[in-house]
Each structure stands twice: as structure tokens, then as C-alpha cells.
1. Checking the condition β-branched (Val, Ile, Thr) and modelled with pLDDT of 95 or more, which residue from Val128, Val155 passes?
2. Tally up the residues in segment 214-262 that are among the aliphatic types (A, V, I, L, M), surrounded by fewer than 16 Cβ atoms within 10 Å (Cβ to Cβ) and either more than 22 Å from Glu82 (Cα to Cα) or touching a residue at least 40 places away in the same chain (Cβ under 8 Å) (or both), please.
3. From the list Asp171, Asp238, Asp256, Asp219, which one is within 17 Å of Phe129 (Cβ to Cβ), among the charged types (D, E, K, R) and part of a strand (DSSP E or B)?
4. Among the residues that make up segment 99-108, is at least one of them part of a strand (DSSP E or B) and open to solvent by less than 50 Å² (accessible area, probe 1.4 Å)?
5. If we scan segment 228-235, do we find a residue that is of a type in the set (D, E, K, R), touching an Asp or Glu at 6+ places or on another chain (Cβ under 8 Å) and part of a strand (DSSP E or B)?
6. Report, ordered by the first and then the second residue, all pairs with beta carbons closer than 9 Å, sequence separation of six or more or different chains, a first member in segment 129-144 that is within 12 Å of Leu174 (Cβ to Cβ) and open to solvent by less than 40 Å² (accessible area, probe 1.4 Å), and a second member that is basic (Lys, Arg) and assigned to a strand (DSSP E or B).
7. Kindly list, by first and then second residue, each pair from a residue in segment 87-102 that is more than 22 Å from Arg55 (Cβ to Cβ) to a residue that is open to solvent by 100 Å² or more (accessible area, probe 1.4 Å) and of a type in the set (Phe, Trp, Tyr), limited to pairs with Cβ atoms under 9 Å and residues at least 6 apart or on different chains.
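The values are calculated or read from the model by the stated rules, or taken from the named source; none is laboratory data. Quick caveat: nothing in here was measured; it's all calculated off a predicted structure. Note that we place each Cβ from the backbone using ideal geometry, even for glycine, and neighbour counts take in every protein chain shown. Please note that ligands, DNA and RNA were not included when accessible areas were found on the heavy atoms of the full protein model with its side chains. Shrake-Rupley method; radii C 1.70, N 1.55, O 1.52, S 1.80 Å.
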Amino acid sequence: ALIPLSAAWPSTEISAKSDGGDGHALVRKALDRAAWNEEQDFASRSRSRMTKNVRRFDKHGEVTEEDDGDYEVVPIDRVPFERRLTIHDRPLSDEERGWEDEREMEFREALRRSRESGDEPEREEEIVFNEELLARYTFTLEGEAQLRGRASYRVSFQPRAGHLPAPRAIDHALNKARGTIWIDRETYEAARIEFELTDKVRLWWGLLGTIRRARGSLDRGPVLDETWATIQYETYTDTRVIFKSTRRAEYRQWRDFEWVDAP
């Protein structure tokens, strides 16, 4: 839940303050670019292939469970749907394809009900790249670097001092996150984001559980007609929920982008 990013401009209870430095100005340009990307609606006009790997570990760091496979990511009624194609490099069985068909039907039905009711999709645990997110952090320009053969600015971020609002559960984690953003020098696209928690995050005042550790990264790059999209992300979390501890790593990589229709 700590990784997916999109752009939006909702009303906000906190306003972004300028740091008086280049770091904040660069991130603001990246925010403007993200808003432009949102208007292009790339996800609803393209398809891709995705490889996904999920591993779970015991307290000694040994893998106890692993699932990997390939997916086809296609827009259904303008919303991306991940249709599974393989499990551990083998094609799905007839029974497994039936399960995928059922999952797609449930996805379509949920979309239909949402559109008919006029309700917006739930965004409680979504990280939205907007002014409110910027207002939580201070940004420092660390220098320039090459990233995948492109010149970029490297900007670090950390939570602002003092009280930060947390109306959503995800905000408690955002308020304790630090990391680095690589901003493409030519386009001001956010090309890479790395993050980690600076401290434990209690869920429901610790009654439900605790996020003990979390770290991750997200990479983006030009894929079709210089349009940028997410090409890779990975996360690791160590959580305790009620009396159960879970250590989980997830890795996703997207490739073979195609236009569904002429752009």
C-alpha cells in the first residue's frame, strides 16, 4: 500500500511551504508533470506484460512461501486489470483459467456497480502525489546523477518537524517516511523513488498491530512515444497484526507496452 502513486488535486488541510531551495522547486515541477500525466490517462489507453514475484519469510529470513508469474495488464472500462498468464513459468491449467475468468467477471461487476452508483473508487490507502504530500516533507537537492543513461537530479526528502495530520491510516506511515527522488533533467519526470520508514508505525494505537520495517523503490521511464510509465517497483515489509508477524517482499516489472487504440 506504500507504493502506488497517482496525481490528483484534492482539497487539503495543510499547505505546502517553500523550503527556499532548489529541492522543493524541482519536486514541484515533478508534481506539475504528474498532473499532466494524469490528464493523458495513459493506463486506460495501453496494455503491457507484468512479471510479479511475492516472497514470505520466517523470523530467520528464510523463504517460507513464494509465488511468481506473468500477467497481462489490460484496461477494462478504462481501469487496468491484471490477468494472470503463468504460475512459476508454466501456463495456467483449465481450472486456473476458469478462476481468472471468474475474477475478471467480479472486477467488471464491481466497476459496473461503482459507475452506476457514482461512487469514486476507495483511495484510503493510496499515496497521491499532490500538494498535500509535498507539504509533509522538506526536500534537499543532493546533486546530479546518471540514471539508466539519463541525466537526473537527486533530491532527498524527510518529514517536516512538528505535528503532521493523519486523517487516514496510511498517513501515519507517510509521516515517518524518508528517501530519495531522482527527477529526470529533461522532462522533470519522477524517474525513481526510494523510501524507508524512520520508525515503527502503530496501527490503531498499537491495538491492531505494528509496521516494524518498510522500504521500497519505484522506477519509471519512457515506454511509448516518450510517454512515461511505471516499469518496476519492489517493497519489503515487516509487520505484526494482532498476534501474527509477516515478513513480505514483492517485486513487479512491466514490459512490452502497446497502445490499445491510436493515441
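1. Val155 is the lone residue from the list that is β-branched (Val, Ile, Thr) and modelled with pLDDT of 95 or more.
2. Result for segment 214-262: 4.
3. Asp219
4. There is no residue in segment 99-108 that is part of a strand (DSSP E or B) and open to solvent by less than 50 Å² (accessible area, probe 1.4 Å).
5. Scanning segment 228-235 turns up at least one residue that is of a type in the set (D, E, K, R), touching an Asp or Glu at 6+ places or on another chain (Cβ under 8 Å) and part of a strand (DSSP E or B).
6. As it stands, the answer is Tyr137/Arg178, since those pairs meet every condition given.
7. none
A quick yes/no check of all residues on (1) crowded, with 16+ Cβ neighbours inside 10 Å; (2) at pLDDT 95 or above; (3) within 24 Å of Ala191 (Cβ to Cβ):
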position: Asp19; (1), (2), (3): yes, no, yes
position: Asp22; (1), (2), (3): no, no, yes
position: Arg33; (1), (2), (3): yes, no, yes
position: Gln40; (1), (2), (3): no, no, yes
position: Val54; (1), (2), (3): no, yes, no
position: Phe57; (1), (2), (3): yes, yes, no
position: His60; (1), (2), (3): no, no, no
position: Glu66; (1), (2), (3): no, yes, no
